[in-house]
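Take a look at the structure set out below.
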Amino acid sequence: MMMFWMAVRLALRSLVRNKVRAMLTVLGILMGVASVVASSAIGAGAKERIESQFASLGVNVLMVWPGASATGGARGAAGSASGLTEDDALALSREVPSLSASAPILSASTQVVSGSRNWSTRVYGSTLDYFRVRAWRTSDGGLFTDADVRTSAKVCVIGETVRRELFGDESALGRTMRVGRMPCTVLGVMESKGQSGFGQDQDDLVIVPLSTFRTRVSHRPGREIGFVMASARDPALMSRAEEGITRLLRQRHRLSGTDESDFTVRNMADVIKSFDEQRAAISLLLLVVASISLLVGGIGVMNIMLVSVTERTREIGIRLSIGARSRDILAQFLIEAVVLASVGGVAGLALGIGASLIVGMTTSWTVKVQPETAILAVAVAGGIGVIFGFFPARRAAKMDPITALRHE
Amino acid sequence: MSEAGEPRPVIEIEKLEKIYSQGEIVHRALRGVSLTINSGEFVGIIGPSGSGKSTLMNAIGCLDTPTRGSYRLAGHDVSGLDADARALVRNRFLGFVFQGFNLLARTSALENVELPLVYRGISQRERHLRAARALALVGLIDRLHNTPAQLSGGQQQRVAIARALVTDPQVLLADEPTGNLDSKTTEDILSLMQLLNRERGLTIVMVTHDPEVARCASRLITVRDGLIERDERVANPRQAVRPVQTEGHAP
């Protein structure tokens with residue numbers, strides 16, 4: 001034990017003597033550990049964000065898009081040729097018992113104006129089921145009514161961001177704003193949901209009755225809709241709800257057994273899972289890069305330790321002649337390599353935490369430094385010291401005292 | 001430190017042979033050397049280069065294993081030991097002084113002298129104490145924290161002697177201890193060794209090629225062609241001139 005601390009002290013001393021060399025040597029390990037720490041912090045933050053997104057959207061939400069799943073890409077633009085109709089959505093809530101609500105939705109990007117202020121946002125046309133599906137309440141005022149939906153009333157409910165941009169500190173309730181070219185009355189302001197896991201502001205929206213959207217915003221009559229958002233009565237009923245939707249829509253669209261569905265049902269869990277998979281893939285990539293960096297760092301440590309052993313051949317000879325056993329020499333150089341690598345690891349940890357915090361402060365990303373990853377990264381750095389320090393240390397330990405003493 | 005008292009054999013070597021073979025070339029560095037050295041002796045080993053005196057010294061110092069023959073050190077058979085066991089023997093029984101001082105650079109005199117005790121697992125406090133005592137013995141009590149670069153050649157060799165003495169060895173092995181020193185410092189180191197031999201009964205084996213230096217020993221062994229050519233008592237060892245204590249205080 002005493003020998004151990006002697007060796008640590010000795011190693012630190014030789015490190016301080018060769019500051020520049022030590023710094024260059026540990027650079028690889030430093031970068032490796034820093035990237036492990038930072039990437040895991042960013043990855044964990046993203047995971048947490050996705051999970052909170054999951055919670056904010058609701059675990060029981062299903063989306064139905066028109067078009068076969070194989071076509072991929074963006075779907076559901078308002079007014080696009082669509083296999084889904086308002087009646088499909090109504091039928092779903094009526095005839096699929098595992099669904100609690102089913103909202104037909106149209107949406108479009110538009111300019112909203114109030115007085116001299118204007119703001120670019122997204123406007124959604126839907127029914128009251130929209131609020132049920134999303135389990136979303138107003139924080140101020142109320143929702144539009146079924147009667148408003150029937151009569152295409154010029155009313156709207158706005159998100160917190162829109163309220164702030166158009167009305168500032170003033171109350172929005174009862175005020176008139178223009179959505180596109182339609183003037184409408186603000187009935188209520190939705191509770192703030194904050195930013196979503198995909199970086200979008202969930203409060204940046206205007207919701208109008210579906211009929212109002214059709215006749216006064218998009219000016220496209222008909223029954224077609226962009227997509228359906230439905231909710232299962234219980235998260236456990238998700239797969240049954242998905243089956244029910246598929247069966248009913250195939251029936252309504254008169255598709256026979258082998259025909260491909262002209263719509264796609266996705267539950268939010270799947271959407272989030274695919275995002276999570278992407279995140280995991282990126283994390284893995286970063287981990288690979290970090291591992292390569294650590295490997296290069298390890299080779300750097302080995303290289304410098306070999307140089308150090310050669311430089312200090314005479315010292316090794318002196319130590320052997322006064323009674324050091326080969327295992328003492330082995331321990332000395334091994335500890336030196338581990339100390340070197342660990343210093344790199346600790347510096348990398350500091351850099352990684354610092355980088356994570358800077359990313360967290362300057363971007364909208366959530367970062368979460370993982371204590372276990374941090375400890376693991378430093379431990380790995382130490383382990384690299386052991387692995388890559390062993391060969392040089394063994395070379396030192398195997399020296400013959402007479403030859404070593406004669407070395408100039 | 002061993003007392004002068006009744007002389008007893010410290011080094012007993014019998015028919016020691018050392019053969020180096022490198023492929024076809026076989027070099028018999030020692031060809032059957034027998035030698036007994038008693039406690040309290042100051043033995044000088046001389047001989048031309050290539051005579052085998054260094055090989056003999058390495059064998060006595062347990063830095064090397066003989067090819068044949070037996071070697072008993074302080075009563076223990078040490079001829080067949082492995083590297084780690086020989087390291088232990090060097091640490092317990094032997095003290096080394098080299099021509100090139102062989103101190104650790106950028107390391108204080110005190111720490112240099114402590115080093116053999118580190119490998120004995122002695123606590124830091126006791127190490128400090130014993131190292132300081134050894135340095136006091138060689139007259140360097142006021143140079144404890146100087147590094148070799150801050151010491152003169154003579155002072156460095158004194159530190160090396162202190163390092164050799166700190167473990168209370170059975171034998172002090174000095175390999176050309178004055179080879180790197182000027183004549184005045186040579187006298188200084190030799191008188192220190194004579195003092196340690198006479199007053200503390202320290203057994204010393206010294207290899208040198210300088211007859212003037214060798215004449216300070218009380219027994220002179222001449223090695224030639226891997227054999228002991230002459231082994232004689234020196235009736236009247238030359239007394240090294242103890243210089244005035246000025247060099248000891250050089251920077």
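When A:TRP365, A:TRP65 are ordered from fewest to most other Cβ atoms inside 10 Å of their Cβ, what list results?
A:TRP365, A:TRP65
Loop-only GluC sites (Glu not before Pro) in segment B:1-106, please: DSSP not H, G, I, E or B, and at most 12 other Cβ atoms within 10 Å.
B:GLU3, B:GLU24
Angle check, please: helix A:268-311 long axis (alpha carbons) against the longest principal axis of chain A (alpha carbons), in degrees 0 to 90, nearest 10.
With rounding to tens, the tilt is 10 degrees.
Quick check on the exposure proxy: order B:LYS18, B:LYS184, A:LYS193 from fewest to most C-beta atoms within 10 angstrom.
Arranged by neighbour count, lowest to highest, B:LYS18, B:LYS184, A:LYS193 become B:LYS184, A:LYS193, B:LYS18.
Using 5 Å bins from zero, what percent of all Cα-Cα pairs in segment B:1-68 falls into each bin?
Bin by bin from 0 Å, the calculated values are 4, 14, 23, 23, 16, 9, 6, 3, 1, 1, 0.
Past the 20 Å Cα-Cα mark, which pairs from A:LYS19/A:LYS398; A:LYS398/B:LYS15; A:LYS154/A:LYS193; B:LYS53/B:LYS184; A:LYS47/A:LYS368?
Beyond 20 Å between Cα atoms: A:LYS19/A:LYS398; A:LYS398/B:LYS15; A:LYS154/A:LYS193; B:LYS53/B:LYS184.
Can you check what the Kirkwood hydrodynamic radius comes to for segment B:8-144, Cα pairs only, in Å to one decimal?
17.0 Å is the Kirkwood radius here.
Give the calculated FRET efficiency between B:ASP231 and B:SER123 to the nearest 0.05, with a Förster radius of 51 Å applied to their Cβ-Cβ distance.
Efficiency, rounded to the nearest 0.05: 0.75.
Using the Karplus curve 6.51 cos²θ - 1.76 cosθ + 1.60 with θ = phi - 60°, what ³J(HN,Hα) values do you get for each residue of segment B:99-114, in whole Hz, with x for Gly and Pro?
Karplus-based 3J(HN,Hα) across segment B:99-114 equals 4, x, 6, 6, 9, 6, 5, 6, 10, 5, 3, 4, 5, 4, 6, 5 Hz.
Listing A:VAL380, A:VAL64 from the residue with the fewest other Cβ atoms within 10 Å to the one with the most, what is the order?
A:VAL380, A:VAL64
Could you tell me what fraction of 2.2 N^0.38 Å the Cα radius of gyration of chain B comes to, as a two-decimal ratio?
Its radius of gyration relative to the 2.2 N^0.38 Å reference: 0.99.
In terms of Cα to Cα distance under 12 Å, which aspartates and glutamates are near enough to A:LYS273, apart from those fewer than 8 places away along the same chain?
A:GLU51
Loop only per DSSP, at most 13 neighbouring Cβ atoms within 10 Å: give me the trypsin sites (Lys or Arg not before Pro) in segment A:240-314, ordered by residue number.
Answer by residue number: A:ARG254.
Kindly write out, for segment A:117-127 in residue order, the coupling ³J(HN,Hα) from the Karplus curve 6.51 cos²θ - 1.76 cosθ + 1.60 (θ = phi - 60°), rounded to whole Hz, with x marking Gly and Pro.
Those phi angles translate into 9, 9, 8, 9, 8, 10, 10, 10, x, 7, 10 Hz.
From the backbone phi of segment A:345-361, what are the Karplus-calculated ³J(HN,Hα) couplings (6.51 cos²θ - 1.76 cosθ + 1.60, θ = phi - 60°) in whole Hz, Gly and Pro given as x?
Coupling constants for segment A:345-361: x, 5, 4, x, 4, 4, 4, x, 5, x, 4, 4, 5, 5, 4, x, 7 Hz.
From zero up to wherever the largest Cα-Cα distance of the protein assembly as shown sits, split into 10 Å bins and tell me the percent of pairs in each.
Percent of pairs per bin, in order: 3, 12, 16, 13, 9, 7, 7, 6, 7, 8, 7, 3, 1, 0.
Suppose the Debye formula is applied to equal point scatterers at every Cα of segment A:87-242; what is log10 I(q)/I(0) at q = 0.10 Å⁻¹?
The Debye formula, applied to the Cα set alone, gives -0.35.
Would you please give the residues with an amide H less than 5 Å from that of B:ALA74, counting only those at least 5 places away or on a separate chain, with H modeled from the backbone geometry?
B:ILE11, B:GLU12
Measuring from label point to label point, each 7 Å out along Cα→Cβ, what is the A:ASP169 to A:ASP259 span in nm?
In this crude label model, A:ASP169 to A:ASP259 measures out at 6.1 nm.
Hey, can you grab everything whose amide H is under 5 Å from the amide H of A:GLU191? Only 5+ residues off in sequence or another chain; H modelled, so Pro and N-termini drop out.
Answer set, sorted by chain and number: A:ARG137, A:THR138, A:SER139.
At most 12 other Cβ atoms within 10 Å and a DSSP loop assignment: could you name the GluC sites (Glu not before Pro) in segment A:157-187 that fit?
Hits after loop and neighbour filter: A:GLU170.
We did not get these values from a lab; they are worked out from the coordinates using the rules stated. From a predicted model like this one, the values you see are computed outputs, not experimental measurements. Note that we place each Cβ from the backbone using ideal geometry, even for glycine, and neighbour counts take in every protein chain shown.
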